[in-house]
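Note sheet for the following structure.
The values are calculated or read from the model by the stated rules, or taken from the named source; none is laboratory data. Source: prediction; values computed, not measured. Note that each Cβ is placed from the backbone with ideal geometry, even for glycine, and that neighbours are counted across all protein chains shown. Ligands, DNA and RNA are excluded from the accessible area calculation, which covers all protein heavy atoms including side chains. Shrake-Rupley method; radii C 1.70, N 1.55, O 1.52, S 1.80 Å.
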Amino acid sequence: MKKQTKIVNAGRSKKWTGNVVNPPVERASTVVFDSIKEMKHATANRGNQVLFYGRRGTSTSFAFSDAMTELEGGAGCALYPSGTAAITNAILSFVETGDHILMVDTAYEPTRDFCDKVLTKLGIETTYYDPLIGDNITELIKDNTKVLFLESPGSLTMEVQDVPRLAKIAHEHGCVVILDNTWASPINFQPFEHGVDISIQAATKYVVGHSDVMLGTATATKAHWPQLRENSYLMGQCTSPDDLYLAMRGIRTLGVRLKQHEHNALKVAHYVAQRNDVDVVLHPAFESCPGHQYFKRDFLGSNGLFSFVFKSGNAKSLEAFLEGMEHFKMGYSWGGFESLVIGVNNVQNLRSATKWPYDAPLVRLHIGLEDVDDLIEDLDKAFDRFHQALN
């Protein structure tokens, strides 16, 4: 089945939809039974999409889990109230006191905070590594290393990792490979075809697509699904059926939205790249982006998110660039229909294992679904403010 057809039909099994087009919103805390036999059957099969208790899910969550599993691959998909919850619970499902994990140095900042502020208290050690480390990852693997965590492209700085190679080495040493696959969404990188064991989505972003739901997913291989599913349940993870309904609706337009985000972002990125005041554009589809060769080899497309670095600048000029936008709003997250902008004056403060090669500020843009000409006009004015503040 072709990808766009799969996007339209994923999770729409008749057992979830009945005789309507979309899976209904089924809200429940308590599930009641007519007999001891029925209750025992539900208890014995509580991990197999059988109504048991509200936290285990209803037909709404089962349908959405099926849809994500169909789109990303794997054997099952656990649901969480945010992308960060998906990251933290996926890691916790495969480590215990005394273990060691390898975390990419360019990870999402809350992922780093979790390692530094929570895992350390549990007696779990984290080593950060260069996203482009390649075969040298072997030197960092210890006897107690249990997890290799990837994020490709990297948060803010967009380094693309050689996922298949790193996964192969990790598996040779008995490590579980977890990937934050949010940038690619479920359709632009197929994690399980490249050696990943657990694929995470901050579904808050492109899956939902409208900046109005917090949601996370973690899809796993057959070998790792039972452990992920049970540990997440024991940690109390569950999601709202109303939010899942909106996420399922978001899936239906994911393909066409991503194509438009990609189209718009490439136009804006080329505009930025031609400016004399920009040192480098960090867009995975550009040769200037570290790991671009892996993007060309492994990805099926890009999206609306990329960064660039100025040739010069300071905190004052960066502030002038960011403030006063008409169409780009300052805000965390991304993946909605709107354009967003954030800036970092000192990227080195966000990493520990690698040296950031630039001294000037970095700006990350999320290109939404507005008219590109309006966005470029907005950026023109921002660059003017930047130079006025610099001079």
Which pairs have Cβ atoms under 9 Å, sit 6 or more apart or on different chains, and link a residue in region 104-130 that is part of a helix (DSSP H, G or I) to one that is of a type in the set (Phe, Trp, Tyr) and open to solvent by less than 10 Å² (accessible area, probe 1.4 Å)?
111/149; 115/149
Would it be correct to say that residue 296 is touching a residue at least 12 places away in the same chain (Cβ under 8 Å), surrounded by fewer than 18 Cβ atoms within 10 Å (Cβ to Cβ) and part of a helix (DSSP H, G or I)?
no
Considering 245, 271, 233, which residue is at pLDDT below 95, over 20 Å from residue 108 (Cβ atoms) and open to solvent by 10 Å² or more (accessible area, probe 1.4 Å)?
233
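Rundown of residues vs (1) modelled with pLDDT under 90; (2) more than 30 Å from residue 118 (Cβ to Cβ); (3) more than 21 Å from the chain's Cα centre (by Cα), yes/no style:
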site	(1), (2), (3)
1	yes, yes, yes
18	yes, yes, yes
46	yes, no, yes
69	no, no, no
72	no, no, no
90	no, no, no
94	no, no, no
When residues of region 360-388 are filtered for being in contact (Cβ under 8 Å) with a residue 24 or more places away in the chain, open to solvent by 30 Å² or more (accessible area, probe 1.4 Å) and part of a loop (DSSP other than H, G, I, E, B), how many remain?
2
Would you check if residue 251 is among the β-branched types (Val, Ile, Thr), part of a helix (DSSP H, G or I) and either at pLDDT 95 or above or within 30 Å of residue 60 (Cα to Cα) (or both)?
yes
Give the residue, chosen from 98, 73, that is touching a helix residue (DSSP H, G or I) at 6+ places or on another chain (Cβ under 7 Å) and surrounded by fewer than 21 Cβ atoms within 10 Å (Cβ to Cβ).
73
Criterion violated by residue 321 - all others in (1) crowded, with 22+ Cβ neighbours inside 10 Å; (2) closer than 15 Å to residue 156 by Cα satisfied:
(2)
Go through region 2-23 and count every residue that is outside any helix (DSSP H, G or I), surrounded by fewer than 15 Cβ atoms within 10 Å (Cβ to Cβ) and at negative phi.
4
Being within 29 Å of residue 209 (Cβ to Cβ) and open to solvent by 20 Å² or more (accessible area, probe 1.4 Å) is the filter here; which residues of region 163-181 pass it?
164
Determine which member of the set 138, 106, 111 is touching a His at 6+ places or on another chain (Cβ under 9 Å) and either open to solvent by less than 70 Å² (accessible area, probe 1.4 Å) or under 22 Å from residue 201 (Cα atoms) (or both).
138
Note: among 142, 168, 146, just one is in contact (Cβ under 8 Å) with a residue 12 or more places away in the chain, in a helix (DSSP H, G or I) and more than 26 Å from residue 356 (Cα to Cα), namely 168
If I filter region 307-338 down to residues being polar (S, T, N, Q) and under 18 Å from the mean Cα position of the chain (by Cα), which single residue comes out as farthest from residue 374 (Cα to Cα)?
333
Write out, first by first residue and then by second, each pair whose Cβ atoms fall under 8 Å of each other, whose residues are 6+ apart or on separate chains, and whose first residue, in region 249-268, is closer than 19 Å to residue 204 by Cβ while the second is open to solvent by 80 Å² or more (accessible area, probe 1.4 Å).
250/210; 257/337
Condition test on residue 333, is it open to solvent by 20 Å² or more (accessible area, probe 1.4 Å), in contact (Cβ under 8 Å) with a residue 60 or more places away in the chain, under 30 Å from residue 187 (Cβ atoms) and of a type in the set (Gly, Ala, Ser)?
yes
Test result for residue 184, in contact with a strand residue (DSSP E or B) (Cβ under 8 Å, 6 or more places away or on another chain) and buried (at least 24 other Cβ atoms within 10 Å of the Cβ):
no
